[in-house]
1. Please label the shape of segment 7-108 as rounded, prolate or oblate, based on the square roots a ≥ b ≥ c of the eigenvalues of the alpha-carbon gyration tensor (a/c under 1.5 means rounded; beyond that, a/b larger than b/c means prolate, else oblate).
2. Using the Karplus curve 6.51 cos²θ - 1.76 cosθ + 1.60 with θ = phi - 60°, what ³J(HN,Hα) values do you get for each residue of segment 52-67, in whole Hz, with x for Gly and Pro?
3. For the pair Lys83/Arg6, report the inter-label distance in nm, with labels modelled 7 Å from Cα in the Cβ direction.
Amino acid sequence: MSTFNRIIVVGNLGRDPELRYSPQGLPVCSFSLATNERQKDKQTGELVDSTIWYRANIFGRKAEVAAQYLQKGSPVYIDGKLKPEEWTDRDGKARFTLNINASDFNLSATQMGAKKLLLLRRRQQQPPPAMGTAVARASRPHRHRTPPPRTMISTSKLDSGTTL
């Protein structure tokens, strides 16, 4: 059985992205990302906010785009591989960090919604093609076709020696 390592995180940037280049010239953009969750405390019944921090790295051309458009506090969608990392701090305490090697990102859900709205408006401004043309048929949504009715064969007829 094969395994699968993929994580999708939607959160806010904790600091401005940092763009640097590897010795081979590959752009690398690094930033921290926070997700918030509100849970009810079992003992007191109060709502308690908890924050999980991630470190994210984006490589290549996407790194340059991320460094250009992202800033501290920006909502962002990250898709990539999770890489947990353990280390010890100056006091000798064991620390744990979640790193994401991002393969894809989107700026924010609201910006994605704005893009969809813009596409819808552009489609509405175009006149609809005439009915009966090949373009109109191709642009209509696909309707599920019901399969032709099947001929039912009774097993009792087969058992009685009748041929079909």
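We did not get these values from a lab; they are worked out from the coordinates using the rules stated. Predicted model only: the values in this text are computed from it and were never measured. Backbone-built Cβ (ideal geometry, glycine too); neighbour counts: all protein chains shown.
1. Here segment 7-108 falls in the oblate category.
2. For segment 52-67, the Karplus-derived couplings read 10, 9, 10, 10, 10, 10, 10, 10, x, 4, 5, 5, 5, 5, 4, 5 Hz, x marking Gly and Pro.
3. The two pseudo-label positions are separated by 1.9 nm.
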